Amino acid sequence: MRYNGHIVMIADQFNLVPLLATTKALSLHEVALHGTYAHGHREHVQHLADMGNALANLVSEGKLSAMVETVYPFDKLTDGLKHLQALQHSGKLVVSVREE
């Protein structure tokens, strides 16, 4: 994880990340749904389910974009890192570790 990097996690998984946020100036983003299920009212749980279904529909309809700019094959990883280092990208750079 680089300095000022980001970690996004679902639920209570931070104990699986072997980094101290204070050593890398990390930004931690957690989606913790347990509280709604354990302590929420029935309408809160239903609202959460409705939002999840709406999100799933957007994904299945292809209406969400991951903003991938370039996919590099693994053997071109150094080219991708140079592109990233040049700070000229406007989307995500992805490295494919296996052939599709």
Only residues in the stretch 63-91 that are of a type in the set (A, V, I, L, M) count as the first member; pair them with residues that are part of a helix (DSSP H, G or I) and loosely packed, with under 13 Cβ neighbours inside 10 Å, Cβ under 6 angstrom, at least 6 apart or cross-chain, and list the lot.
-> L64/L58
Considering only helices (runs of 4 or more DSSP H) fully contained in the stretch 6-80, which possess at least 1 residues that are surrounded by fewer than 10 Cβ atoms within 10 Å (Cβ to Cβ) and at pLDDT 60 or above?
-> 34-39, 42-60
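The values are calculated or read from the model by the stated rules, or taken from the named source; none is laboratory data. Given the structure is predicted, the values throughout are model-derived calculations rather than measurements. Here Cβ is always computed from backbone atoms with ideal geometry, including for glycine, and neighbour counts include all displayed protein chains.
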